[in-house]
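**Q** Got a structure for you, written out below as structure tokens; questions coming shortly.
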Amino acid sequence: MAVQVKICGIKTPEALSASVEAGARFIGFVFYPPSPRHVEIDIAFELVQMLPTGVRAVGLFVDPTDEQLSAVTGRVQLDMIQLHGAETKERVEEIKQKFGLPVMKALAIGSADDLQKIAQYEEVADWVLCDTPSPQHGGSGQSFDWSLLKDYEFQKPWMLAGGLKPENVGEAVKMLHPTAIDVSSGVESARGVKDETKIQAFLAGVKGL
């Protein structure tokens, strides 16, 4: 099965249209104010209305309160919640129960010891996302050592993130065969500014694998 693509940090209709037309199956909206990719709830509401059937809207949060989650999910029709902070297994389970949406837990993979976290969170999350350790909670533009995951047998669907771009995505997919790949800074012309040409090039590269 072909690897699917998530374009994260979408803020404009132009970037959303470019992503969908090029074949992205997941569109990520960042609800984390310190991020240059943060999107206001009303804008996200409008953008999600543009998504065709079959393309899933993913809301990214960092250690959110129930109030923050309610404010977004009450207005924006999300298909999945992505947790990118230090949320515990118990908190992941709680959010799933309270909000009735699939949850993807992002995990920083910096050493072999971090593989234990994957198994733990697979018990409660619907997806896991393996990313580069970063104080900014993703979007660092840096890759981690993919060979750490080479022999790991995932029990749940998973996404690979961290420093992916048209030049290296082929190597990553061939080595790890993830369910999906997640790109943000790799398709930007500046921090938080999506580049439609780079989006098209990235997805074309994935389709060509």
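**Q** With labels modelled as points extended 7 Å from the Cα through the Cβ direction, what inter-label distance (nm, one decimal) is found for VAL193 paired with GLU94?
**A** 4.0 nm
**Q** Arrange the following residues from fewest to most other Cβ atoms within 10 Å of their Cβ: SER19, SER70.
**A** Exposure proxy ranking, most exposed first: SER70, SER19.
**Q** Let me ask another. Can you pick out the pairs among LYS6/LYS105; LYS117/LYS165; LYS156/LYS194; LYS117/LYS150 whose Cα atoms lie more than 21 Å from each other?
**A** Working: LYS6/LYS105 15 Å; LYS117/LYS165 26 Å; LYS156/LYS194 29 Å; LYS117/LYS150 16 Å.
Correct reply: LYS117/LYS165; LYS156/LYS194.
**Q** To continue, here is another question. Quick one: grab the alpha carbon gyration tensor of the stretch 34-142, order the square roots of its eigenvalues as a ≥ b ≥ c, and give me rounded if a/c is under 1.5, else prolate or oblate depending on whether a/b is larger than b/c.
**A** Here the stretch 34-142 falls in the prolate category.
**Q** Here's something else I'd like to know. Report the charge-dipole magnitude of the chain in Debye, nearest 20, computed about the Cα centre from +1 at each Lys and Arg Cβ and -1 at each Asp and Glu Cβ.
**A** Computed about the Cα centre, the dipole is about 380 debye.
**Q** Ok, one more. Which of rounded, prolate, oblate describes the stretch 4-207, given a ≥ b ≥ c as roots of the alpha-carbon gyration tensor eigenvalues and a/c under 1.5 marking rounded, otherwise prolate only if a/b is larger than b/c?
**A** oblate
**Q** Here's something else I'd like to know. For the chain, what does the relative contact order come out to in percent, with C-alpha contacts under 8 Å and a separation of six or more?
**A** This gives 21 percent for the chain.
**Q** What 222 nm value per residue comes from the helices of the chain, counting each DSSP H run with n ≥ 4 as -39,500 (n - 2.57) and dividing by all residues, nearest 500 deg cm²/dmol?
**A** -9000 deg cm²/dmol
**Q** Would you mind ranking ILE41, ILE7 so that the residue whose beta carbon has the fewest other beta carbons within 10 Å leads the list?
**A** ILE41, ILE7
**Q** Between beta-carbons, use under 12 Å as the cut-off and find the net charge around LYS198, counting Lys and Arg +1, Asp and Glu -1.
**A** My count for the surroundings of LYS198 gives -2.
**Q** On to the next question. Please list, by residue number, every one of the trypsin sites (Lys or Arg not before Pro) in the stretch 111-209 that is coil in DSSP and has at most 14 other beta-carbon atoms within 10 Å.
**A** The qualifying sites are LYS150, ARG191.
**Q** Which of TYR121, TYR152 has the fewest other C-beta atoms within 10 Å, and how do the rest follow up to the most?
**A** Sorted ascending by nearby Cβ count, the order is TYR152, TYR121.
Laboratory data are not the source of any read-out in this text; all were calculated from the coordinates shown. Computed from a prediction, not measured in an experiment: that's the story for all the values here. Neighbour counts run over all protein chains shown; Cβ positions are idealised from the backbone, glycine included.
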